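Enquirer: Once you've had a glance at the structure underneath, I'll fire off some questions.
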Amino acid sequence: MKMTDIRELSNEELTKKLEDGRAELFNLRFQMATSQLDNTARVKTVKRDIARVQTEMRARQIAAESAK
């Protein structure tokens with residue numbers, strides 16, 4: 001997911017994306033531990049998506065605090 005797509009999401013959608021990403025990462029790690037994971041590069045992609053969502057959430061939090 002690209003940063004431009006993430007910026008267009010609402011706060012609720014960002015929270016949902018973060019939950020989904022963490023759940024997917026958990027499942028990927030479980031598959032890796034049981035040697036069922038075919039695409040190991042997917043773990044890196046999911047981690048980056050989670051980081052992008054967290055970065056946008058933090059940027060919005062900082063912007064809200066500075067607007068006070």
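The values are calculated or read from the model by the stated rules, or taken from the named source; none is laboratory data. Just so we're clear, the structure is a prediction, and the values are computed from it rather than from any experiment. Glycine gets a Cβ as well: all are built from the backbone with ideal geometry, and neighbour counts include every protein chain shown.
Enquirer: If we scan segment 24-33, do we find a residue that is closer than 23 Å to Asp5 by Cβ and of a type outside the set (A, V, I, L, M, F, W, C)?
Expert: yes
Enquirer: A further question on this structure: Exactly one of these conditions fails for Lys68: (1) part of a loop (DSSP other than H, G, I, E, B); (2) under 18 Å from Met1 (Cα atoms); (3) not aromatic (Phe, Trp, Tyr). Give me its number.
Expert: Exception for Lys68: condition (2).
Enquirer: What's the number of the condition Gln31 fails, among (1) more than 18 Å from the chain's Cα centre (by Cα); (2) at pLDDT 95 or above; (3) loosely packed, with under 15 Cβ neighbours inside 10 Å; (4) not aliphatic (A, V, I, L, M)?
Expert: If we test Gln31 against (1) more than 18 Å from the chain's Cα centre (by Cα); (2) at pLDDT 95 or above; (3) loosely packed, with under 15 Cβ neighbours inside 10 Å; (4) not aliphatic (A, V, I, L, M), just (3) comes out false.
Enquirer: Give the number of residues within segment 10-32 that are closer than 14 Å to Ile50 by Cβ and not basic (Lys, Arg).
Expert: First, the residues of segment 10-32 that are closer than 14 Å to Ile50 by Cβ: 14-29.
Filter once more, so that each one left must be not basic (Lys, Arg): 14-15, 18-21, 23-28.
Within segment 10-32, residues that are closer than 14 Å to Ile50 by Cβ and not basic (Lys, Arg) number 12.
Enquirer: For segment 1-25, give me each residue that is touching a residue at least 24 places away in the same chain (Cβ under 8 Å), in a helix (DSSP H, G or I) and of a type in the set (A, V, I, L, M, F, W, C).
Expert: Met3, Ile6, Leu14, Leu18, Leu25 - these are the residues of segment 1-25 that are touching a residue at least 24 places away in the same chain (Cβ under 8 Å), in a helix (DSSP H, G or I) and of a type in the set (A, V, I, L, M, F, W, C).
Enquirer: Is it the case that some residue within segment 37-51 is out of contact with any helix residue (DSSP H, G or I) (no Cβ under 8 Å at 6 or more places or on another chain), assigned to a helix (DSSP H, G or I) and among the hydroxyl-bearing types (Ser, Thr, Tyr)?
Expert: Initially, segment 37-51 is screened for residues out of contact with any helix residue (DSSP H, G or I) (no Cβ under 8 Å at 6 or more places or on another chain), giving 38-39, 41, 44-45, 48, 51.
Pick out the ones that are also assigned to a helix (DSSP H, G or I) and you get 41, 44-45, 48, 51.
Filter once more, keeping what is among the hydroxyl-bearing types (Ser, Thr, Tyr): 45.
For segment 37-51, residues out of contact with any helix residue (DSSP H, G or I) (no Cβ under 8 Å at 6 or more places or on another chain), assigned to a helix (DSSP H, G or I) and among the hydroxyl-bearing types (Ser, Thr, Tyr): present.
Enquirer: When the residues of segment 37-63 are narrowed to those that are more than 13 Å from the chain's Cα centre (by Cα) and at pLDDT 95 or above, which ends up surrounded by the fewest Cβ atoms within 10 Å (Cβ to Cβ)?
Expert: Here is the first cut: in segment 37-63, the residues more than 13 Å from the chain's Cα centre (by Cα) are 37-41, 59-63.
Then keep just the ones that are at pLDDT 95 or above; that gives 41, 59-63.
Details: Ala41: 7, Ala59: 11, Arg60: 13, Gln61: 11, Ile62: 10, Ala63: 9.
So the residue we want is Ala41.
Enquirer: Now for a different question. Taking interchain pairs and intrachain pairs at least six residues apart, which have beta carbon atoms under 8 angstrom, with the first residue in segment 26-47 and of a type in the set (Lys, Arg) and the second in a helix (DSSP H, G or I)?
Expert: Sorted first by the residue in segment 26-47, then by its partner, the pairs are Arg29/Val43; Arg42/Leu28; Lys47/Leu25.
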